[in-house]
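Inspection log for the structure reproduced underneath, given as structure tokens.
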Amino acid sequence: PLMIKNLIIFGTRPEAIKMAPLVKEFRKYDEFFDTKVCITAQHREMLDQVLTFFEITPDFDLDLMKPNQNLYTLTSSILSGLKTILETYKPDYVYVHGDTTTTMASSLAAFYAGAKICHVEAGLRTFNMQSPFPEEMNRSVTGVVSNIHFSPSEKSKHNLVLENKPENSIIVTGNTVIDALMFSVNKVKNSNYQDTEIEHLKSGLDTEKKLILVTGHRRENHGAGFVRICEALKEIAVDNPQTQIIYPVHLNPNVQGPVYKLLSEIDNIQLIAPLSYPAFVWLMDKSYLIITDSGGVQEEAPSLGKPVLVMRDTTERPEAVEAGTVILVGTNKDKIVDEANKLLNDAFAYKTMSKLHNPYGDGKASQRIVSYIKSKLNA
Ligand code: UD1
Ligand code: UDP
């Protein structure tokens, strides 16, 4: 074709952060591509924050988020919501990202519509269907229906080869999260840039104290896992009065409930609303240590040289674990507390883990994806 019709679909905060650089890159070549953006709005406020920062106005908005939504209704409303859009716009290529319900349901819808499916961040695997749940299933199903797999690393490519995906359908690009991180760091550095959220954070930081930044939301940690996480954070805060813990709490009610109940009263723990992307990146950069169960944060932190304790038993992102800057601590209270205390009190242990490295990308992943799709023009 002389012109390719693209439909980029996403629904949650991390998908938006990681797809924003691709939207921007495609839009540089409007003479070759008609690129439309569809959001399922599986997330609402947390997604809109990202769209505002990256200045992306979606062409279609399914506006699906419901309080405490369940996987059954979310999956079915994404599928049925996309039908008309796919049938009227008739995209040649549909782009989905990662491993959320939006990813899985949108790739299935695109398969029904007969579009070519491109999976961005393809091939991450723990090979354990229950961890993370339901993400391992989501990315595996999307892998099955995808025509082109944009893998962030050689390891993720290898996982797809093990699943018998044709080698020529797998393109190693790096992870677009590093494109987003670099864009954000550059935008914030600009002298004209003003951000009231960052100013507010600045005024609340005690520079005498070591900052621990915390995030968490994984479904398999809901319930008992979050209670142990909160107990661990409380113990770290009480044992180490010279630290300041800042925790932007995910809006999922299964997270908000235990976190606010168990941690509201501790002096050196600040529970705050989810931060916009630049403010969160700014805070990562100011932090001494990050404790999280997030996928994206595990990828960003090494680029900022920050040690990470990952509150999960498995990870599909082994590169930083192998490099020694990420440690898996699960939701075991004693392990979280012991590893945090070690990093707070043992300068050598801290230095060893604070290595700046970029195992997840060089900031050019979206350029590589767009050049690959360009090669399909006139083909
Ligand atoms: C989802 C993804 C997970 C991803 C995470 C990123 C699934 C099943 N889960 O988990 O893979 O890592 O997003 O954050 O796809 N809510 C709001 N406002 C928002 C966002 C969420 O109020 O902007 C609340 C709502 O009550 C919503 C609930 O959080 O029903 C859960 O949202 P959902 O997207 O289903 O699950 P997450 O835990 O966010
Ligand atoms: N993030 C953000 N504001 C916050 C917390 C996280 O912008 O208050 C960003 C973070 O930098 C990363 C992404 O959100 O890029 C991670 O999202 P999340 O942890 O919700 O999902 P996951 O990566 O685990 O799928």
Inset, instruction - Can you quote the Å³ per residue value for the convex hull of the Cα atoms in the stretch 139-221, rounded to an integer? - result: 193
Inset, instruction - Just list whichever of 157/286; 157/342; 66/165; 5/157; 83/155 have alpha carbons separated by over 30 Å in the model shown. - result: 157/286; 157/342; 66/165; 83/155
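State, as an integer percentage, the relative contact order of the chain based on alpha-carbon contacts under 8 Å between residues 6 or more apart. Write out the running numbers ahead of the final one.
Numbers: 720 pairs, mean separation 62.7, N = 379.
RCO, the chain: 17 percent.
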Legend entry - Rg and Dmax of the stretch 1-136, Cα atoms only, in Å: 14.4, 45
Legend entry - Distance in nm between pseudo-label sites at residue 55 and residue 71 (7 Å out along the Cβ direction from Cα): 4.0
Inset, instruction - Once you have the Cα-Cα distance between residue 356 and residue 192, take 0.36 nm times their residue separation minus that, and quote the gain in nm to one decimal. - result: 56.2 nm
Inset, instruction - Could you run the Karplus curve 6.51 cos²θ - 1.76 cosθ + 1.60 with θ = phi - 60° over the stretch 332-342 and give me ³J(HN,Hα) per residue in whole Hz, x for Gly and Pro? - result: 7, 4, 5, 5, 4, 5, 4, 5, 5, 4, 4
Inset, instruction - Taking only the C-alpha atoms, wrap a convex hull around the stretch 195-294 and report its volume per residue in Å³ as a whole number. - result: 91
Legend entry - GluC sites (Glu not before Pro) restricted to DSSP loop in the stretch 30-79 with at most 16 other C-beta within 10 Å: 31, 55
Inset, instruction - For residue 322 paired with residue 185, estimate the spin-label separation in nm (one decimal), with each label point 7 Å from Cα along the Cα-to-Cβ line. - result: 2.3
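Return the loop-located GluC sites (Glu not before Pro) in the stretch 191-300 (DSSP other than H, G, I, E, B) with at most 12 other Cβ atoms within 10 Å of their own Cβ; answer none if there are none.
Values: sites: 197, 199, 208, 220, 231, 235, 265, 299, 300; in loops: 208, 265.
Passing both the DSSP loop test and the Cβ count: 208, 265.
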Inset, instruction - Please list, in chain and number order, the residues 5+ apart from residue 250 or on another chain whose amide H is under 5 Å from its amide H, with Hs placed from the backbone. - result: 216
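Filter the cross-link list 189/355; 189/374; 187/234 down to pairs whose alpha-carbon distance in this structure exceeds 26 Å. Please report the intermediate quantities before stating the final value.
Values: 189/355 23 Å; 189/374 32 Å; 187/234 35 Å.
Over 26 Å apart, Cα to Cα: 189/374; 187/234.
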Legend entry - Cα-only Debye scattering, the chain: base-10 log of I(q)/I(0) at q = 0.14 Å⁻¹: -1.23
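Loop only per DSSP, at most 11 neighbouring Cβ atoms within 10 Å: give me the chymotrypsin sites (Phe, Trp or Tyr not before Pro) in the stretch 179-245, ordered by residue number.
Details: sites: 183, 193, 226; in loops: 193.
Loop-located and lightly packed - 193.
Using r as the Cβ-Cβ distance of residue 377 and residue 87, and R0 as 30 Å, what FRET efficiency do you calculate, to the nearest 0.05?
Values: r = 24 Å, r/R0 = 0.81.
In this case the efficiency is close to 0.80.
Readers should treat all values here as calculations from the given coordinates under stated rules, not as data from a laboratory. Remember, predicted model here, so these are calculated numbers, not experimental data. Don't worry about glycine lacking a Cβ; one is built from the backbone with ideal geometry, like all the others, and counts go over all protein chains shown.
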